[in-house]
Amino acid sequence: MSELLVDFITSLDGYASGEGWPGFWGLEGPEYLAWLGEQPEVTYLMGANTYRLMSGFAAGEVPDGQDEFRPEEEASVDELTQASKVVFSSSLEEPLTWANSTLVRDDAVEAVRAMKSSGSGLLSTIGSLGLSRSLLRAGLVDRFRVVMFPVITGATGAERIYDGYPDVALEMIEHRTFDGRIQLVEYKPRVLEHPPLGTPA
């Protein structure tokens with residue numbers, strides 16, 4: 001059976017990106033980049049918006065506010081191009097132009113449920129806030145990982161990650177600091193029907 005990881009990189013105040021900021025908020029360091037390079041092979045899950053954005057980067061489109069990609073950003077996009085990707089969309093048309101991408105028009109929750117039960121290895125979301133939220137609500141997420149960068153993007157932040165989420169209890173299974181400033185926290189999530197009653201033991 002496959003394991004499903006929801007994986008986010010965020011500002012401290014919970015934004016997935018910020019207008020005018022480079023990738024990784026310009027704060028990636030050697031420890032963090034080395035850790036990224038050590039990650040196991042995964043199949044990435046994404047929605048149409050993330051596909052359009054990331055496939056554009058792969059085709060050479062540079063983010064707004066930048067003249068060119070930094071080497072770290074190029075390496076990250078190249079790794080994504082080589083990886084297997086499943087794109088859930090009713091608006092995109094086949095064939096998808098980004099290498100190693102498969103289009104699925106079926107309901108994403110039911111499709112991922114089937115992928116988990118029939119497959120092996122690791123499935124991981126990338127971006128795709130709505131998809132990640134739907135998979136969490138459905139109880140399909142095994143691990144919820146957030147890497148927080150030491151910036152607050154109150155004025156320029158875009159894509160608030162946790163809006164629309166249910167209440168979720170999180171059991172920590174991993175934590176780590178990279179380069180003395182970047183904080184990783186990883187949890188086993190449990191969606192709550194209501195806030196827990198009483199004081200935890």
Scanning segment 18-38 for residues that are in contact with a helix residue (DSSP H, G or I) (Cβ under 9 Å, 6 or more places away or on another chain) and among the small types (Gly, Ala, Ser), the one surrounded by the most Cβ atoms within 10 Å (Cβ to Cβ) turns out to be Gly18
Considering only segment 100-148, state which residues are touching a residue at least 40 places away in the same chain (Cβ under 8 Å), of a type in the set (A, V, I, L, M) and in contact with a helix residue (DSSP H, G or I) (Cβ under 9 Å, 6 or more places away or on another chain).
-> Ala108, Val112, Leu123, Ile126, Leu129, Leu131, Leu135, Leu140, Val141, Val147
What number goes with the only condition from (1) open to solvent by 50 Å² or more (accessible area, probe 1.4 Å); (2) among the polar types (S, T, N, Q); (3) not in a strand (DSSP E or B) that Thr102 does not pass?
-> (3)
Within segment 165-201, can you find the residues that are open to solvent by 50 Å² or more (accessible area, probe 1.4 Å) and on the phi > 0 side of the Ramachandran plot?
-> Gly180, Gly198
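Matching residues to (1) over 16 Å from the mean Cα position of the chain (by Cα); (2) more than 24 Å from Val151 (Cβ to Cβ); (3) open to solvent by 50 Å² or more (accessible area, probe 1.4 Å):
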| site | (1), (2), (3) |
| --- | --- |
| Pro40 | no, yes, yes |
| Tyr44 | no, yes, yes |
| Asn49 | no, no, yes |
| Met54 | no, no, no |
| Glu79 | no, no, yes |
| Ala83 | no, yes, no |
| Phe88 | no, yes, no |
| Glu93 | yes, yes, yes |
| Thr97 | yes, yes, yes |
How about segment 118-141: which of its residues are open to solvent by 20 Å² or more (accessible area, probe 1.4 Å), in a loop (DSSP other than H, G, I, E, B) and either among the polar types (S, T, N, Q) or under 11 Å from Ala108 (Cβ atoms) (or both)?
-> Ser120, Ala138
Quick check: anything in segment 138-156 closer than 19 Å to Asn49 by Cβ and hydrophobic (A, V, I, L, M, F, W, C)?
-> no
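Residue-by-condition table, conditions (1) over 25 Å from Glu94 (Cα atoms); (2) part of a loop (DSSP other than H, G, I, E, B):
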residue	(1), (2)
Pro40	yes, yes
Tyr44	no, no
Arg52	no, no
Glu61	no, yes
Asp67	yes, yes
Taking segment 142-164 as the region of interest, how many residues are open to solvent by less than 70 Å² (accessible area, probe 1.4 Å), in a strand (DSSP E or B) and of a type outside the set (Val, Ile, Thr)?
-> 7
Any idea which residue in segment 1-12 is farthest from Ala108 (Cα to Cα), counting only those that are open to solvent by less than 50 Å² (accessible area, probe 1.4 Å) and not hydrophobic (A, V, I, L, M, F, W, C)?
-> Ser11
Members of segment 10-38 found to be in a strand (DSSP E or B) and more than 30 Å from Glu94 (Cβ to Cβ), listed by number | Thr10, Ser11, Tyr15, Gly18
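The values are calculated or read from the model by the stated rules, or taken from the named source; none is laboratory data. Note that this is a predicted model, so its numbers are computed, not measured. FYI the Cβ positions are ideal-geometry reconstructions off the backbone, even for glycines, and counts take in every protein chain you see. Note: areas computed on protein heavy atoms with side chains; ligands, DNA, RNA excluded. Shrake-Rupley method; radii C 1.70, N 1.55, O 1.52, S 1.80 Å.
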